[in-house]
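Single-structure report; data block below.
The values are calculated or read from the model by the stated rules, or taken from the named source; none is laboratory data. Owing to the predicted nature of the structure, the values given are computational and were not obtained by experimental measurement. In this analysis, Cβ positions are derived from the backbone assuming ideal geometry, glycine residues included, and neighbour counts consider all displayed protein chains. Only protein heavy atoms, including side chains, enter the accessible area calculation; ligands, DNA and RNA are left aside. Shrake-Rupley method; radii C 1.70, N 1.55, O 1.52, S 1.80 Å.
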2 protein chains.
Amino acid sequence: MIESIQLDKSSSKHLYIQLYLQLRDLIEASKLKEHTKLPPIRKLSKSLGVNNVTIVNAYNLLEEENLVYKKVGSGTFVAAQNLVEDREDIYLDEEVYIDEDTKFIEEREEIEDVEKLINFATAAPTPDLFPITPFKRLLNKVLDRDRGYAFGYQKSQGYLPLRQSISEYIKRYNIESNIDEIQIVSGAQQGIDILAKTFLDYGDTVFVERPTYPGAISVFKSRRANIIDIPMKRDGIDIEVLEAELSKEKPKFLYLMPNYQNPTGYSYSQEKKERILELAKEHDLLIIEDDCLSDLNYGNSNNLSLKSLSDNGRVIYIKSFSKIFMPGLRLAFLIIPERYFNDILLSKYMSDIFTDGLVQRVLDLYFREEIWEDQISKLRQTYQKRYKAMINALHKYLPQRVKFTTPAGGLNLWLELPENISGKKLHQKALKLGINIAPGEVFYYSQKKENRVRLSIAAVTGEQIERGVKSLAKLIEDELDEESYHWDNSIMPLV
Amino acid sequence: MIESIQLDKSSSKHLYIQLYLQLRDLIEASKLKEHTKLPPIRKLSKSLGVNNVTIVNAYNLLEEENLVYKKVGSGTFVAAQNLVEDREDIYLDEEVYIDEDTKFIEEREEIEDVEKLINFATAAPTPDLFPITPFKRLLNKVLDRDRGYAFGYQKSQGYLPLRQSISEYIKRYNIESNIDEIQIVSGAQQGIDILAKTFLDYGDTVFVERPTYPGAISVFKSRRANIIDIPMKRDGIDIEVLEAELSKEKPKFLYLMPNYQNPTGYSYSQEKKERILELAKEHDLLIIEDDCLSDLNYGNSNNLSLKSLSDNGRVIYIKSFSKIFMPGLRLAFLIIPERYFNDILLSKYMSDIFTDGLVQRVLDLYFREEIWEDQISKLRQTYQKRYKAMINALHKYLPQRVKFTTPAGGLNLWLELPENISGKKLHQKALKLGINIAPGEVFYYSQKKENRVRLSIAAVTGEQIERGVKSLAKLIEDELDEESYHWDNSIMPLV
């Protein structure tokens, strides 16, 4: 059937679009049957006399439409109907610089000799964990109830009933908030962008943790801010360094993740949380507290937010639903002290006027029907199992010279490799074995540490964890051998 | 039944939440029947011993949940089920400064003696024009097809099949684009914000039209840009002034709306469009072309975009689906010359990482099933009728001293009142009669003209247009009388 394909190079239509359309027709007419293997890229490009990229683009389009699926190392196959759940996909991670992302995508082509990618690089949950059935029901309920109003203009501050639901929901986390203090935003990244627009001007100073979330660094840099990063210790930010920096300069705000920090997974001790708030009072500071994971605690650890302590109106709290619900919703909220209401509302307005009203309405019902608690508890159970499997595998396989802590919650583990072992190099080697990890250096603004990597448990099964960590450990050991070989070499040249 | 309500002032729950919850229970248990009038705000606040605001907030919450509806001048009533379409609402307009919005909302309380608000202030379509039935069907189709994948992470550039659909769709407007050039954004406002992030640094210069869209001005100001506004004439921007400004300074870009400009409704002549592109070539300029209304042409006018002419890669095109589809979707796209791909993608990433994948998938199917053409044609017919009604009413009722042009498409008409008549004052007086108009001065960055107003036809029926314009004309005549009275006074003081 493939023989019937003819591309017209004189047409104004791109060749890959022509190819995609013809293949789609063949598939939809069942002339290409389910699970039929499509010709390998090089073979088809040769026989059609076109570039490899033409074939890749056409296959990608078909894949995005779920008309074909790819098996890494085997090729591209015609999909069965509703094959969606079998589809393999690499999820891009919001915590990784876009340059890195682009690179990750390109490198995907190289993975040829493994059956399946093991993805430790993303902290985003996978579609099998999403509550699609209730969500679909509520979506239809909203459409029947509100019809066109769900698609009309919404208030920039957010849908009032949702703000009320959120105000109730966060009481469980000891946060008391007036609904006026709640601002809906289109994801935590937008929250950070809006706050940067509101508070940062050319040359203003901002303090962040080192390492930290690179999406925040990019935004602060874009506002031409002066960024000072302060080291993270296992019990939170280094207070001595912080005090020394505060004696030199007052920042517009501190951007902190006190619970299950990204990328380290470290949490601030209760003492440090209180100390930070004291310092805020002493120095008249504003703190932006980014809390996306505190729902995912696996023990009795202290995961109180700064906002829930007595913050004297010095904390702006950001909470995303990406990690604990579904990333595609693009929903997060801020809790804002009253004096900033108008400035932040204007920044929201400038950013995108308002957040999708349909999704806000569905999430509101989700809270009101109390399905929320079930979903969080399901996620927490799933992740706790994976977390335990991860800790076990790390202890079992990793060479002793690799250091890591065991945080009491969240999705990330932070490995400190022996010095001279590069996280980036490990990432590249692992990718060839079908294992994706996040090289640590992307999380540093200054004083990059080359020998760190972040492993996340959001998108891997227990079996993948076991297999993936085993392979990583082997790679690290090979690096260590090589290192000692070089070392031997260097002290024995005279022999 | 209302007598059963009891508020607990010692509770940690806000009083208005308590009131809202008790009223909701009464309504849901049918103890308050359909169309029952709720007590007037002042009466209830007095009998409960609370502030008026408490009642207003509780009623607003009920209204947002469609449990009650308001009749301006009559009060608040218990809603019937599925009463949504009867609901009155004031739509906030994306073209009006947020400060103005806030004021509009507050002023809403003052409207007591008219039956219904006539809203000439918004250029956003109303829910009765939304294609809810096909949209719901496609939404369910996407959920059945893609399930969780619709809610997972999406590519920052946008969903590939949608980019392909858009590339096909804009061929009708003589725009040829490669799908790589298309960047999905969360509404035109975000598009402007992303471009400002990409191109504007502290003190950079940008040229805009005078008057122009205030949402763009806010963004450019937030980037601390130096804004130069160049007057709009009836056939487009003033080329002489533009050339004079170009001889002094080269801007980072020009932000232009060549078809049915906001707020004036003016379109550039073909000659001016070509001249602008020549100037862009001569001076090596970048043009941002914001085109949200060119689909709504009511005649055979030239509504070609700059992008469709030979632009030599100097035009970035923004198109929103808010005005021609549904504002709540939060979807727009950019067409970008290749040299800016990476920078703009990074700015998108910093803004919100990616745009809601569910809505992108539904819109893609909407295009592929070719329902699009029907919807546009339905909108165009509806608006054309209103547009004719508007022109007729303006000619019929307005005093001759009010000047206006009749644009050949779009949603806005720009009235030039006699000097000394303030658009803002007219707005305030009109609002008391239940008529909302956009005072022209919010559209000026410099050299504000006080005597302009913008009337939009997006949210008014033919009958409302007739009645509204008649009342406006009367108000203007009263102002003129008052003016001549003052004038008489001033020349006859000696008598």
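Ignoring solvent entirely, what values of log10 I(q)/I(0) come out of the Debye formula for chain B at 0.06, 0.13 Å⁻¹ when each Cα is a single scatterer? With no solvent term, the Cα-only Debye profile gives -0.32, -1.31.
Where in segment B:231-255 does the label zone of B:Lys449 land, with the point 7 angstrom along Cα→C-beta and an amide N cut-off under 13 Å? The answer is B:231-238. Counted residue by residue at 0.36 nm each, then reduced by the alpha carbon distance between them, the extension gain from A:Arg145 to A:Asp128 reaches 3.3 nm.
Here the chain A residue lying nearest the rotation axis onto B, judged by its C-beta and given with the distance in whole angstrom, is A:Tyr202, 2. Which distance in Å, rounded to a whole number, links the C-alpha centroids of segment B:165-233 and segment A:1-70? First find each Cα centre; the distance between them is then 36 Å. In this structure the amide hydrogen of B:Ile230, modeled in the peptide plane, comes within under 5 Å of the amide hydrogens of B:Val208, B:Glu209, B:Arg210, none closer than 5 places in sequence on its chain.
Between B:Glu282 and B:Arg234, the contour length at 0.36 nm per residue exceeds the alpha carbon distance by 14.8 nm.
Per-residue Karplus couplings for segment B:150-158, computed as 6.51 cos²θ - 1.76 cosθ + 1.60 with θ equal to phi - 60°, are listed in order as 5, 10, x, 5, 10, 5, 4, 6, x Hz, Gly and Pro entered as x.
Overall, the accessible surface of segment A:2-78 at a probe of 1.4 angstrom is composed of carbon and sulfur to the extent of 49 percent. Note on B:Lys197: accessible area is roughly 20 Å² with a 1.4 Å probe, heavy atoms of protein only. What a 1.4 Å probe finds exposed on segment A:359-442 is 46% carbon and sulfur by accessible area, rounded to a whole percent. Given a 1.4 Å probe and the protein chains as shown, B:Lys116 ends up with an accessible area of around 80 Å². Think of chain B as a dipole: +1 on every Lys or Arg Cβ, -1 on every Asp or Glu Cβ, centred on the Cα centre; then among B:Leu195, B:Ile276, B:Leu139, B:Leu139 lies furthest on the positive end.
Here each label is just a point 7 Å from Cα along the line to Cβ, and for A:Asp180 and B:Lys474 those points are 3.8 nm apart. Between the beta carbons of A:Gln400 and A:Asp343, assuming R0 = 41 Å, the FRET efficiency works out to 0.20 to the nearest 0.05. Based on C-alpha pairs under 8 angstrom that are at least 6 apart in sequence, chain B has a relative contact order of 18 percent. Within segment B:17-31, the residues that become at least 30 Å² less accessible when every protein chain is included than when their own chain is isolated (1.4 Å probe; DNA, RNA and ligands ignored) are B:Ile17.
For segment B:218-319, rounded, prolate or oblate, judged on the Cα gyration tensor with a ≥ b ≥ c (square roots of eigenvalues), a/c < 1.5 rounded, else prolate if a/b > b/c? Since a/c reaches 1.5 and a/b is larger than b/c, the shape of segment B:218-319 is classed as prolate.
Among the listed pairs B:Lys116/B:Lys378; B:Lys319/B:Lys429; A:Lys449/A:Lys474; A:Lys388/A:Lys474, which are separated by more than 32 Å between their Cα atoms? Too far apart for the 32 Å limit: B:Lys319/B:Lys429. For segment A:2-78, the relative contact order works out to 33 percent when only alpha carbon pairs closer than 8 Å and six or more residues apart are counted.
Note that the protein assembly as shown presents 39 Å² accessible area per residue, ligands and nucleic acids not counted, probe 1.4 Å. Database remark: amide H of B:Thr205 closer than 5 angstrom to the amide H of B:Asn226, B:Lys252 (H placed geometrically; neighbours at sequence offset of 5 or more, or on other chains; Pro and chain starts carry no H). How many percent of the alpha carbon pairs in the protein assembly as shown exceed a separation of 46 Å? So the portion of pairs separated by more than 46 Å is 33 percent.
Taking 60 Å as R0, compute the FRET efficiency from the Cβ-Cβ separation of A:Ser11 and B:Lys37 and round it to 0.05.
On the way: r = 67 Å, r/R0 = 1.11.
Computed FRET efficiency for A:Ser11 and B:Lys37 comes out at 0.35.
For the residue pairs A:Lys171/A:Lys273; A:Lys155/A:Lys197; B:Lys250/B:Lys272; A:Lys250/A:Lys273; A:Lys171/B:Lys31; A:Lys37/A:Lys432, the alpha carbons lie more than 25 Å apart in A:Lys171/B:Lys31. Derived scalar couplings between HN and Hα for segment B:415-420 equal 9, 9, 7, x, 4, 6 Hz in order, rounded to whole Hz, by the Karplus curve 6.51 cos²θ - 1.76 cosθ + 1.60 (θ = phi - 60°), x for Gly and Pro. Taking every residue in B:353-363 and counting other chain Cβ atoms within 10 Å of its Cβ, the average works out to 5. Long hydrophobic helices in chain B: the complete DSSP H runs spanning 27 Å or more by Cα along their own axis with mean Kyte-Doolittle hydropathy of at least -1.0 are B:462-491. To the nearest 10 Å², what's B:Asp374's accessible area with a 1.4 Å probe? Approximately 100 Å² of B:Asp374 is accessible to the 1.4 Å probe. In nanometres and ascending order, the distances from the B:Asp235 label point to those of the other copies are 7.8 (point 7 Å from Cα along Cα→Cβ). On full extension, the segment bounded by B:Glu243 and B:Asp481 gains 81.4 nm, given 0.36 nm per residue less the C-alpha separation.
What ranking, highest mean first, results for peptides B:269-280, A:185-196 when packing means the other Cβ atoms within 10 Å averaged over each residue?
By packing density, highest mean first, the sequence is A:185-196, B:269-280.
Of the residues B:Ser267, B:Ser45, the one with the largest accessible area comes first in the ranking B:Ser267, B:Ser45, computed with a 1.4 Å probe on protein heavy atoms. Taking amide H atoms as placed 1.01 Å from N in the peptide plane, the amide H of A:Gly409 lies under 5 Å from those of A:Tyr298, each 5 or more residues away in sequence or on another chain. Interface of B with A. Using a 1.4 Å probe and counting protein heavy atoms only, the two chains hide about 8000 Å² of accessible surface, both sides summed. For the pair A:Met1 and A:Val53, label points projected 7 Å from Cα toward Cβ lie 2.9 nm apart.
Placing unit charges on each Cβ (+1 for Lys and Arg, -1 for Asp and Glu) gives chain B a dipole about its Cα centre, and among B:Asn392, B:Gln22, B:Leu256 the Cα reaching farthest toward its positive end belongs to B:Gln22.
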